[in-house]
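Here the structure is laid out as structure tokens; the discussion comes afterwards.
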Amino acid sequence: QALCLIENSKAKNICIFPLFPQFCYATTGSIARFFQNRLSQKTLNKLRWIKSYAAHSAFIASYQKKIADFLQTKNLHPKECIFIFSAHGVPVSFVNEGDPYQSECELSFQTCLRAFPEAIGALTYQSKFGKGEWLVPATDYFCQNILNYSENRKHAVLIPISFTSDHIETLFEIEKLYLPLIASQGLSAYRC
């Protein structure tokens, strides 16, 4: 039905805005391939893609505001926190073949963290499945070893960074797997 709406649209231009801030051939790229295989050339010529917005000022500002509001609500101070920015993992082979996903995740992480100079932060990757080498550090490994990274901070705040809307797999892993790992080591654990 959505394809029919796009194909029959009278619009001169159709903006494609993916819910993945960092470009990856497995996500945004797969959507582009899906459209490429199902839409006419005339319609494809109308598509205007927002490839990524990993460090776009509006995206970063929204994350910084969300984190600041969260800290205020929970009465947490950045100097007492380690922020764990968790992105969806991908195989290392993707990056080795030229996929910009890892560098765009790092850009989002570093740019977002600038607003909180007293906090310490880490970028980790979750949701590994299948064989092969995946991006590291893995979120589960990092959480199991949080005391090696936390510099005696009292609080750990997990921040999913690679989706602009809640994603059930991401939320399940954070809530049911990672927060308990952190809490079992004596830190207060939160998901922003």
If you filter the stretch 130-161 for trypsin sites (Lys or Arg not before Pro), then keep DSSP loop positions with at most 10 other Cβ within 10 Å, what is left? Lys131
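For the stretch 24-138, what is the relative contact order in percent, using Cα pairs closer than 8 Å and at least 6 residues apart in sequence?
Normalised by residue count, the contact order of the stretch 24-138 is 31 percent.
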State the percentage of accessible surface on the stretch 74-164 attributable to carbon and sulfur atoms; use a 1.4 Å probe and exclude ligands, DNA and RNA. 49 percent
Among Gly98, His77, Ala87, which residue has its Cα positioned farthest towards the positive end of the charge dipole of the stretch 50-102, with +1 placed on the Cβ of Lys and Arg, -1 on the Cβ of Asp and Glu, and the dipole taken about the Cα centre? His77
Mind listing the long-range amide H neighbours of Leu135? Cut-off is under 5 Å, sequence gap 5 or more, other chains count too, H placed in the peptide plane at 1.01 Å from N. Val90, Val92
Sorted by chain and number, the residues with a modelled amide H under 5 Å from that of Leu47, at a separation of 5 or more or across chains, are Ile14
Straight-line reach only, C-alpha to C-alpha below 16 angstrom: list the aspartates and glutamates that Lys79 could link to, leaving out same-chain residues fewer than 8 apart. Asp69, Glu118, Glu151
Residue-normalised value, i.e. accessible area per residue, for the stretch 9-129 at 1.4 Å probe, in Å², stands at 53 Å²
At the level of C-alpha centres, the distance separating the stretch 52-80 and the stretch 146-174, in angstrom, is 13 Å
For the stretch 88-100, Karplus-derived ³J(HN,Hα) couplings (6.51, -1.76, 1.60; θ = phi - 60°; whole Hz; x for glycine and proline) come out as 5, x, 9, x, 4, 4, 4, 5, 4, 8, x, 5, x
Residue-averaged [θ]222 nm for the chain, counting only DSSP H segments that reach four residues, each worth -39500 (n - 2.57): -10500 deg cm²/dmol
Name the residue farthest towards the positive end of the dipole of the chain from the options Phe34, Ala138, Pro160, assuming +1 on Cβ of Lys and Arg, -1 on Cβ of Asp and Glu, about the Cα centre. Phe34
Using θ = phi - 60° and the Karplus form 6.51 cos²θ - 1.76 cosθ + 1.60, what ³J(HN,Hα) does each residue of the stretch 154-162 get, whole Hz, x for Gly and Pro? 8, 10, 10, 10, 8, 10, x, 10, 9
Any of Lys51/Lys128; Lys66/Lys154; Lys42/Lys65; Lys154/Lys176; Lys74/Lys176; Lys66/Lys128 with alpha carbons more than 29 Å apart? Name them for me. Lys42/Lys65
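Mean separation of Cα pairs under 8 Å and 6+ residues apart, divided by the residue count of the chain: what relative contact order is that in percent?
Relative contact order for the chain comes out at 24 percent.
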Placing unit charges on C-beta atoms (Lys and Arg positive, Asp and Glu negative, everything else neutral), compute the dipole magnitude of the chain about its Cα centre in debye, rounded to 20. 760 debye
Taking H as built 1.01 Å from N, whose amide H comes closer than 5 Å to the amide H of Leu158, not counting residues under 5 places away? Ile84, Tyr190, Arg191, Cys192
I'd like the orientation of helix 101-113 relative to the chain: the angle between its Cα long axis and the longest Cα principal axis, in ° from 0 to 90, rounded to 10. 50 degrees
Residue by residue through the stretch 37-53, which ³J(HN,Hα) values in whole Hz follow from phi under the Karplus form 6.51 cos²θ - 1.76 cosθ + 1.60 (θ = phi - 60°), with glycine and proline marked x? 7, 10, 10, 5, 4, 4, 6, 4, 5, 7, 6, 10, 8, 9, 4, 6, 8
Quick one: if the Förster radius is 41 Å, what FRET efficiency do Ala183 and Gln1 give, using the C-beta to C-beta distance and rounding to 0.05? 0.40
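The values are calculated or read from the model by the stated rules, or taken from the named source; none is laboratory data. Keep in mind that what you see is a predicted model, and the values were worked out from it rather than measured. FYI the Cβ positions are ideal-geometry reconstructions off the backbone, even for glycines, and counts take in every protein chain you see. To get the accessible areas, we keep the full protein, side chains included, count just its heavy atoms, and leave off ligands, DNA and RNA. Shrake-Rupley method; radii C 1.70, N 1.55, O 1.52, S 1.80 Å.
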